[in-house]
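> Please read through the structure below; I'll follow up with questions.
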Amino acid sequence: MEASGYSKWSSGPEEVSRGPWGLWERWGWRPLFIAIALVVAVVLWALVLSILFSKASTERQALLGGQDLLRTNASNQTAMLGVLKKEVGGCRNCCSETRAQLQTTRAELAETQRKLLQQESSLNELRERVTRDLAKAGEDRENIRSELFRALEAAKFGNSSCKVCPTSWLPFQGSCYFFSILRAKWEEAQQNCADAGAHLVIVGGLEEQGFLRRNSRGQEYWLGLRAVRLVRKIQRYQWMDGVQLSFSHWSQGEPNDARGREDCVMMLPTGLWNDTPCKGEKANWICEKRHSC
Ligand code: BGC
Ligand code: CA
């Protein structure tokens, strides 16, 4: 009798031997292979997990480090903010102090300005008064001089009769005036007056000015007024007797010291005055002398 089992030629169901060898024979290498694959898979999985874990742990460490750094920075910045707040507070105090000081200074300045304005107006008044007094003093001096001459002449001639002005001289307020027909330069005109015991006219005020203008017959006349020049610059104007100018009757825009050489003064046909070169042109002249009585 033939043992039941696989027969190459049999067409019926396969016969498997019983026991462990029976399973081996039935399944062959497959379970072992599956087990090995499982082990390999588990090992691989564990490897991947451990790699991932180690990477995560490194990143966590880095994050923790970053967090520490951020904390440190935050605390530093908080401290800095505190310092800044203090500084801003201090600055605010300092600003308000400065503002208060500025206000005080401004008030003081306004007060000083007010005082200065007051002083300026007082000075202006004083100057006007001094100018008026000076003009009055000049007038008084002329009168005294005139009286003195008169007294001297009276003593000389032993009587008190007053001699009239010489022929062709016009009397006005205690003086005699000569209006020349000829023309000359300033120096020559002055010399002509001196030769006649007179001087080029000194105009003491508006009345005398009016008298001169009325007798000027449309001519230009030299006056006894000259510039006092220092290092090319005119300092002031001075009459023949050394007295400074107080009354004046300048034409518009005069004296202009054109080309820096206008030292002498003439009365224009309008009666107004112009400074002009002493040696530049010839003009008529007016002599003046006090009454000799
Ligand atoms: C001016 C005067 C000046 C004169 C000199 C005129 O044109 O107006 O100021 O004295 O020239 O010649
Ligand atoms: Ca002039």
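> Which count do you get for residues in segment 194-211 that are over 20 Å from residue 141 (Cβ atoms) and in a helix (DSSP H, G or I)?
Qualifying residue count for the region: 3.
> Still on this model: Can you tell me which residue is nearest to ligand 2 (Cβ to nearest atom) among those in segment 230-250 that are modelled with pLDDT under 95 and of a type in the set (D, E, K, R)?
Among residues in segment 230-250 that are modelled with pLDDT under 95 and of a type in the set (D, E, K, R), the one nearest to ligand 2 (Cβ to nearest atom) is 232.
> Any residue in segment 232-240 that is in a loop (DSSP other than H, G, I, E, B) and within 12 Å of ligand 1 (Cβ to nearest atom)?
Scanning segment 232-240 turns up no residue that is in a loop (DSSP other than H, G, I, E, B) and within 12 Å of ligand 1 (Cβ to nearest atom).
> Another question, then. Filter segment 244-267 for residues that are of a type in the set (A, V, I, L, M) and within 17 Å of residue 222 (Cα to Cα) and give the result.
245, 265, 266, 267
> Just the residues that are within 12 Å of ligand 1 (Cβ to nearest atom), without any contact (Cβ under 8 Å) to a residue 60 or more places away in the chain and not aliphatic (A, V, I, L, M), please, taken from segment 253-272.
The answer is 253, 254, 255, 256, 257, 259, 260, 261, 262, 263.
> Something else now. Return yes or no: is residue 218 modelled with pLDDT of 95 or more and away from ligand 2 (no atom under 16 Å from the Cβ)?
yes
> So residue 266 fits all but one of (1) under 36 Å from the mean Cα position of the chain (by Cα); (2) under 25 Å from residue 167 (Cα atoms); (3) among the aliphatic types (A, V, I, L, M); what number is the exception?
(1)
> If residue 275 satisfies every condition in (1) within 12 Å of ligand 1 (Cβ to nearest atom); (2) within 28 Å of residue 174 (Cα to Cα); (3) of a type in the set (D, E, K, R); (4) part of a loop (DSSP other than H, G, I, E, B) but one, which is the exception?
So residue 275 meets the others, but not (4).
> Can you confirm whether segment 252-265 contains a residue that is surrounded by 19 or more Cβ atoms within 10 Å (Cβ to Cβ) and part of a strand (DSSP E or B)?
Scanning segment 252-265, I find at least one residue that is surrounded by 19 or more Cβ atoms within 10 Å (Cβ to Cβ) and part of a strand (DSSP E or B), so the answer is yes.
> Which residue out of 271, 253 is more than 13 Å from ligand 2 (Cβ to nearest atom), at pLDDT 95 or above and of a type in the set (Gly, Ala, Ser)?
271 is the lone residue from the list that is more than 13 Å from ligand 2 (Cβ to nearest atom), at pLDDT 95 or above and of a type in the set (Gly, Ala, Ser).
> Spot the failing condition for residue 225; the list is (1) within 16 Å of ligand 1 (Cβ to nearest atom); (2) in a loop (DSSP other than H, G, I, E, B); (3) surrounded by 19 or more Cβ atoms within 10 Å (Cβ to Cβ), and only one is missed.
Checking residue 225 against (1) within 16 Å of ligand 1 (Cβ to nearest atom); (2) in a loop (DSSP other than H, G, I, E, B); (3) surrounded by 19 or more Cβ atoms within 10 Å (Cβ to Cβ), the one that fails is (2).
> Okay, next question. Among the numbered conditions (1) under 35 Å from the mean Cα position of the chain (by Cα); (2) at pLDDT 85 or above, tell me where residue 61 comes up short.
(1)
> Check whether at least one residue in segment 79-86 is modelled with pLDDT under 80 and within 60 Å of the chain's Cα centre (by Cα), and report yes or no.
Scanning segment 79-86 turns up at least one residue that is modelled with pLDDT under 80 and within 60 Å of the chain's Cα centre (by Cα).
The values are calculated or read from the model by the stated rules, or taken from the named source; none is laboratory data. From a predicted model like this one, the values you see are computed outputs, not experimental measurements. Backbone-built Cβ (ideal geometry, glycine too); neighbour counts: all protein chains shown.
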